[in-house]
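Written out below as structure tokens is the structure these notes cover.
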Amino acid sequence: VQPASQNDPLLVIQIEKREVYVGEVVPITVTVYAPDRRVAIQRIGLIEVPKDNFAIQRFPLQPEQTIVSMGGVRYRAYVFRSTVSALRSGKFKLGPATSEILFEVEARGSAGGGMQHPFFTQMEQRTARPQSADIEMTVLPLPELGRPPGFKGLVGDFDISINAEPHELSVGDPISVEMTI
């Protein structure tokens, strides 16, 4: 999806793979691109992705930032990482991702016009709600063959740790138990 103007931010959604199993946790990335020299991002709102057929962990509020070059143009990239897992099998579209973005651009006619000082530019505040393209996903059901007895559908590699405190106590003393999966 192209931005409305050359100064508007562009939003792109990416996923590690497009064919997954029900319940499989897969990394998802949403990146906001803004022309490096012409646009000053003031605020990026919450990243929103429809959750009709997917469970998506909330995206962080603060992105990773980097500079990238695309088509000979430098962009500041704001990268948000999370995870997604499919709730049911079938063919679905993931997306579009959206966010409300507050940014500033150089005001029209402020560069080089009249008696204006070359180091001072008028900035114009704008709001945009860019939208990414959808991603076609194929979600496969978990195979029946080879399921262990008592299988309840949980898929993945897990670690479990248990900690109890205090380590020394008398009968009737309270104890705190923490279990992490």
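The values are calculated or read from the model by the stated rules, or taken from the named source; none is laboratory data. None of the values given here were measured: they were computed from a predicted structure. Backbone-built Cβ (ideal geometry, glycine too); neighbour counts: all protein chains shown. All accessible areas refer to the heavy atoms of the entire protein, side chains included, with ligands and DNA or RNA removed. Shrake-Rupley method; radii C 1.70, N 1.55, O 1.52, S 1.80 Å.
Dividing the alpha-carbon radius of gyration of the chain by the rule-of-thumb value 2.2 N^0.38 Å gives 1.51. Using a simple spin-label model with pseudo-atoms 7 Å out from Cα toward Cβ, Ala133 and Val68 lie 1.3 nm apart. Hey, could you grab the Kirkwood Rh for region 28-111? Inverse mean 1/r over distinct alpha carbon pairs, Å, one decimal. Evaluated on region 28-111, it is 14.7 Å.
Solvent-accessible area of the chain (1.4 angstrom probe, protein heavy atoms only): carbon and sulfur portion equals 51 percent.
Scanning the chain for chymotrypsin sites (Phe, Trp or Tyr not before Pro) lying in DSSP loops with no more than 15 further Cβ atoms inside 10 Å, the longest uninterrupted stretch between such sites is 1-118. Net charge dipole, region 1-75: roughly 260 debye, given to the nearest 20, about the Cα centre with Cβ charges of +1 for Lys and Arg and -1 for Asp and Glu.
Exposed loop sites here are GluC sites (Glu not before Pro) in DSSP loop states with at most 15 other C-beta atoms within 10 Å. What is the longest stretch of the chain lacking them? In the chain, the maximal stretch lacking such sites is 17-99. Among Asp52, Asp36, Asp159, the largest mean-square fluctuation in a Gaussian network model of the chain (Cα springs under 10 Å) belongs to Asp159. Each Lys and Arg Cβ is given +1 and each Asp and Glu Cβ -1; about its Cα centre, the chain then shows a dipole of about 880 debye. Under 14 Å of direct C-alpha separation, and excluding same-chain neighbours fewer than eight residues apart, Lys93 reaches these aspartates and glutamates: Glu19, Asp52, Asp134, Glu136.
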